[in-house]
1. Of A:GLY388, A:CYS85, A:ALA401, which is farthest along the charge dipole of the stretch A:14-561 in the positive direction, counting Lys and Arg as +1 and Asp and Glu as -1 at C-beta?
2. Separation between the B:ASP62 and B:ASP207 pseudo-spin-labels, each 7 Å from Cα along Cα→Cβ, expressed in nm?
3. Pairs A:LYS62/B:LYS86; A:LYS188/A:LYS250; A:LYS62/A:LYS409; A:LYS409/B:LYS49; A:LYS64/B:LYS86: which are spaced more than 27 Å apart, C-alpha to C-alpha?
4. When the Kirkwood hydrodynamic radius is evaluated over all pairs of different C-alpha atoms of the stretch A:14-561, what value in angstrom, to one decimal, is obtained?
5. For the stretch B:67-146, which trypsin sites (Lys or Arg not before Pro) are both in a DSSP coil and crowded by at most 11 other Cβ atoms within 10 Å?
6. Can you list the HN-Hα couplings for the stretch B:58-72, worked out from phi with the Karplus curve (6.51, -1.76, 1.60; θ = phi - 60°), rounded to whole Hz and with x for Gly and Pro?
7. Of all alpha-carbon pairs in the stretch A:41-114, indicate the percentage at a distance above 16 angstrom.
8. Counting other Cβ atoms within 10 Å, keep those with at most 15, restrict to DSSP loop, and tell me which GluC sites (Glu not before Pro) in the stretch A:337-417 are left.
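Read the figures in this text as sums done on the coordinates, not as results from a lab. Not measured: the values here are computed from a predicted model. So basically every Cβ, Gly included, is an ideal-geometry build from the backbone, and we count neighbours across all protein chains shown.
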Amino acid sequence: MSGNFWGQDPLQQTYDAVVVGSGATGGWAAKQLSEAGLKVALLEAGRAVSPKEFTEHMPAYKLKYRDHSPEVVRTRPVQKQCYACMEYNYEWFVNDLENPYSTPPGKPFTWQRLRILGGRSLVWGRQSYRMSDNDLKAASRDGYGDDWPIAYADLSPYYDIVEKYVGITGAAEGNEMLPDGQFLPPMKMSCGEILMRDRVKAKFGRTVTIGRAAILTQNHNGRLQCHYCGPCERGCSTFSYFSSPFTTVKDAMASGNCTLITNAVVAHVNMDAGSNKASGVTYVDRLTRQVKEVRAKSVILCAQALESTRILLNSSTREYPNGLANSSGALGHYLMDHVVGAGASGRLPDFKTLPNANEPARPNGIYVPRFRNTPTSGKHSRFIRGYGYQGGAGPEFNFSAEGYGASLKKGVKEGLYAASLGAFGESLARWDNYIEIDRDLKDAWGIPALHINMSHGDNEAALMEDAGATAAEMLEAAGAKDIRVQAGVEMPGMAIHELGTARMGNDPKKSVLTPFNQTHDVKNLFVMDGASFVSSACQNPTLSMMAITVRACDHLIDRFHKSDV
Amino acid sequence: MNRRDMIRASVITGAAAALGSPRGAAQNAAAQAAPSELTPAGSGVDASKDLAGPGWKPLFLDEHQNETLIALSDLMIPATDTPGAKEALVNRYIDLVLAAEARDTQRAFLNSLGYLDGESIRRYKTAFRYLSREDQDDLLHSFAYPKNGSGWTGEAAPPDVGHGHFEALKERIMTAYYSSQIGEKELGWDGAFAHGPYQGCEHPEGDHK
């Protein structure tokens, strides 16, 4: 525990707000509310993090197992499925033995989680894209599912606020599917990427742009610009990529109004006896296993989509027997995660540039915004919605060089000029994809665990089939040879973009949250993370999650000022 | 199946096992809370000299297997104008990893190494490590390239067992070599972690050779 603002026991007071989770959204909630003068308790299930444990400049040969540690595989068999969970940093990820969940036979789901101050913002992919009304109002356009209760005009000013603070590098394109934002200067493209951009535009009229990423290309808000060392997921000693502990949480603490409580594994929300109001949360101390309570006038869940909903499902009362704030029955349903598993790779023989171990490492790639089922493309015959590509092109060492001996050594160094595109597709919101409490399964703190029931459907499979063939077609247009195509569907969870399970809406019978992320049922209870999403779009969602959080906080602050909480 | 896939396969089995007995797993986990919650890397441990000691002994391999691996790695990535796999002590690193790996993974490695000896004995009546360098080279060459089906008759090739073992051993040796300090130098790394901003394409518009 630290940062107690009155010099009193942090558990002997009533806060204006308790925020559960210190990641991308929780950090914003703590910052906005505390800077507005509210007394905030910020709860994090993991420990604090220190820049001293960052390892982005440590070569693999200094590690005992050179980043192939069997210890990671043993303690984090699920987390290891994420590329960012490595021998360098695996303690940031949950220990899977302590944090179980179950899935039905034949329907695996991989759930990647961090429990440490900052959560997944420490290791995230940093790609940052706005949604447009083509996404928010998709149901009106193709008849599937529900529209969001908010429009782009509602979110746009909040995207501005978030982007200006976070620092997003990118290039404006004027693309109908991908609104431009407040960009820092774009990163440069390689020769191969420029060739691909030009030829794909000429042949198909599609946009290839440099990735939009939460990485500084110039000094910004007291943080230094990127020094292009490469592996952001191991931390950044110059804080050049956005992570909450060194930005939003730091600001919240500086306000003097925020008390940070680490190692607080929240079990459930408490309700005030006799009134339909939340009175705070109960948590288990991660290290001592002691059960403690934090009292607050409002409760804000930013624990990650599935964790926030798990807390509500574990907070049932006599009035809410199927989960707190679940009079609609929708809580836990409409789970989404972008579908991945399709793309193509090849080599560009036009380029002779050799790989160079001393080349600056650009922590960003290229992006192809959605081009299927757009207002100008017309409707596709086999699927609704669409996908975007992330990718890149450049010289690489060829560790797949043939043979052995001196010629193998030479082949590795000669390398190849590689190009690739990988798709992220929209995951349709379906009632059948849901989470519930597994009554027979508890985590190491005795808190009932989740049963996750999700599979991708026919539309997702059709998207991936098209995405594989289309990626190959685009690489071919760029002159690629030896093209290899993937057109499969990976297990849900692989995109690490879990969304939904407490969706927002205007109708309290069909949704859990109001358009301001307040539960319809309990007026001082909020869910301000990805759980609120109505549809997934195909863009990486963190930027939108942060904008939605800031918007919801504005609303909550306003109500506090009107004494309406 | 490459090495990463093998790790992933063991991961998934491991996850199923871990999730199979939740209560037991939770209790075990509670009992074994780590004293420090930093990874060795996060606490600044430097293990780069650990394997170079004069008193080194294998943890997993026996003497014959270790000597076989040294001979094989020297052939796979020989010293040229730069040091090779033998100088990089790849056998010691592979032994260290094997010692901590799952039994199936260990067995798969020994199968591949044993296949090499089996073929050596079949063709030359002696184990691989005792062959002349020329014979070792001839034997390895016979596995090094995949055998494709006939382009004339359209006949598919039978499963190429020897090449499969070759690729498994090669991947182990390459991983060990290119992750070593010698391997980093081989790729030309100057030891600096940052090299200025990424400049990208600097060619004039329309000329990106």
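1. A:ALA401
2. Those two pseudo-labels are separated by 6.6 nm.
3. A:LYS188/A:LYS250
4. Numbers: mean 1/r = 0.0418 Å⁻¹.
Evaluated on the stretch A:14-561, it is 24.0 Å.
5. In loop regions of the stretch B:67-146 (DSSP not H, G, I, E or B), the sparsely surrounded trypsin sites (Lys or Arg not before Pro) are B:LYS125.
6. x, 8, 10, 6, 8, 4, 5, 4, 4, 5, 4, 5, 4, 4, 5
7. Working: 1542 of 2701 pairs.
The proportion of pairs with Cα distances above 16 Å equals 57 percent.
8. A:GLU402
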